[in-house]
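Worksheet for the structure shown next.
Each reported figure results from applying straightforward, stated rules to the coordinates on display, with no laboratory input. Quantities reported herein were computed from a predicted structural model and do not represent experimental measurements. Here the Cβ positions follow ideal geometry from the backbone for every residue, glycine too, while neighbour counts run over all protein chains shown.
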2 protein chains.
Amino acid sequence: MTDFDTPTPESNPKDAEYLAKLQDYYADWKSIPSYAALCEVFGIASKSWVKAILDRLGKAGFLERTPDGMWIPTHQFFARPFAESSVQAGMPQSITATQGDYYVIDEMLIDTPSLTTMIPVKGDSMIDAGIHEGDVAIVEKRNLASVGDIVVAIVDNDFTLKTLGKEGGKFILIPANPAYPVIRPKGSLEIFGVLVGLVRKYKK
Amino acid sequence: MTDFDTPTPESNPKDAEYLAKLQDYYADWKSIPSYAALCEVFGIASKSWVKAILDRLGKAGFLERTPDGMWIPTHQFFARPFAESSVQAGMPQSITATQGDYYVIDEMLIDTPSLTTMIPVKGDSMIDAGIHEGDVAIVEKRNLASVGDIVVAIVDNDFTLKTLGKEGGKFILIPANPAYPVIRPKGSLEIFGVLVGLVRKYKK
DNA sequence: TTGACAGCAGAACGAACGTTCTTTAGTATG
DNA sequence: CATACTAAAGAACGTTCGTTCTGCTGTCAA
């Protein structure tokens with residue numbers, strides 16, 4: 001399955017800049033404005049040139065049109081560059097130039113949207129696993145897990161995030177913080193889901 | 001007796017249904033169509049009634065308008081109701097991931113797409129800050145940062161992730177691991193960007 | 001020095017759009 | 001039967017939109 005043709009990302013040197021402006025605009029407003037409004041966004045004065053730019057971005061695969069002719073972003077529009085760590089000097093612009101991979105974070109972390117849920121982390125019981133208060137846990141809902149998985153279990157009607165362990169044939173919940181005790185459920189252990197990802201946002 | 005308008009979230013019983021249709025449409029097309037097109041989507045025949053619906057959804061906080069009058073979705077537009085299955089009381093606020101593909105995590109972490117890039121973390125020099133090898137750093141490219149920010153600096157032609165500090169009027173790079181030394185650059189310090197987010201994927 | 005072309009501006013125009021106003025059908029109240 | 005109100009339709013209209021075409025300016029090769 002290698003027969004997709006490579007859409008030349010940009011046929012015009014300035015298109016990358018226009019695309020960047022459009023991406024930033026979309027991040028703010030979640031819509032693609034009219035040609036007239038795009039004149040301001042792009043800093044140019046003619047609608048016809050805006051159309052030419054959008055046509056090129058469309059051809060390059062960053063935009064497409066609805067049946068009624070509205071411009072809408074494609075998957076490619078949202079992808080972000082992923083730098084190889086071995087990138088050497090020359091930096092700021094060359095990141096885009098090194099045609100590395102492009103990813104969408106949601107797709108990296110979420111395989112099954114309908115089973116996946118995001119839960120904010122409370123407390124510091126998993127701090128030694130690098131899971132801090134305020135982080136967001138990406139959890140795939142299922143009630144089977146393997147020893148060693150980090151799971152969201154339901155204990156005393158509350159969610160708790162712990163490593164699943166086994167001790168004498170019974171499942172236990174192991175925190176990653178020596179200040180917390182291992183949880184040995186009396187009865188059966190109800191597992192809500194398995195941790196598949198973690199997201200942290202740093203305030204600016 | 002004078003009765004005032006009660007600012008109920010939805011003043012019309014069918015608005016919930018219209019909202020659902022609009023959400024589905026948006027998930028497909030990532031845009032809010034014209035009133036005429038919405039007539040088809042909603043299954044009604046008059047633009048004025050579509051406008052009335054959108055005005056109500058706007059008042060209820062699901063939509064708003066750009067300065068140039070376009071309708072755009074708000075945060076509330078994307079919020080999903082609580083989890084379906086047999087979850088009892090005590091469910092923390094959690095959102096299920098997207099059907100369709102609206103990119104929640106990306107939107108959470110990325111303010112300025114054109115300046116944001118993803119860099120894999122290598123080494124354990126920031127482990128006490130909960131940043132592990134293999135994590136992906138979400139970095140906003142800029143060369144100014146504040147003391148206390150975690151920055152990506154360019155040292156010896158390589159990226160390095162450290163906390164920015166100051167010592168005797170000069171900037172230094174502080175690791176979050178006692179096994180690593182503080183970096184005191186000889187000349188000036190070249191900052192590639194600032195850490196704005198962190199993403200970790202657990203293998204399954 | 002000319003010609004060709006690329007990058008952009010500007011005008012023209014019909015179609016589509018959003019807004020407002022008026023009308024109609026149905027239902028509930030009393 | 002009269003009234004009142006809601007849900008929706010429809011018409012009217014000025015504005016804006018997208019499209020196309022033409023014009024201008026600078027650059028570069030012949």
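Under 5 Å from the amide H of residue B:172 lie the amide H atoms of B:165, B:166, B:167, each residue being 5 or more positions distant or on a separate chain, with H modelled from the backbone and absent for Pro and chain starts.
If I take every Cα pair under 8 Å that is 6 or more residues apart in region B:92-204, average their sequence separation and divide by the length, what percent do I get for the relative contact order? About 27 percent, as a whole number. Label-to-label distances for residue A:133 across copies, nearest first, come out at 3.1 nm, using points 7 Å from Cα in the beta-carbon direction.
Ascending distances from the residue B:167 label point to its copies in the other chains, with the point 7 Å along the Cα-to-beta-carbon line: 4.3 nm. Between residue A:170 and residue B:201, the modelled labels are 3.8 nm apart [label points 7 Å from Cα along Cα→Cβ]. In the structure shown, the pairs B:141/B:166; A:122/A:203; A:59/B:201 are assessed against 28 Å; a Cα-Cα span above that value is assigned to A:59/B:201. Extents of chain A, largest first, come to 73, 45, 42 Å (Cα atoms, principal axes, whole angstrom). Pairs of Cα atoms in region A:103-160 fall into 10 Å distance bins, from 0 up to the last occupied one, in shares of 19, 50, 29, 2 percent.
Inter-copy label distances for residue A:35: 2.3 nm (label point placed 7 Å from Cα along Cα→Cβ; shortest first). From helices alone, chain A scores -7000 deg cm²/dmol at 222 nm; the rule is -39500 (n - 2.57) for each run of n ≥ 4 DSSP H residues, then divide by the residue total.
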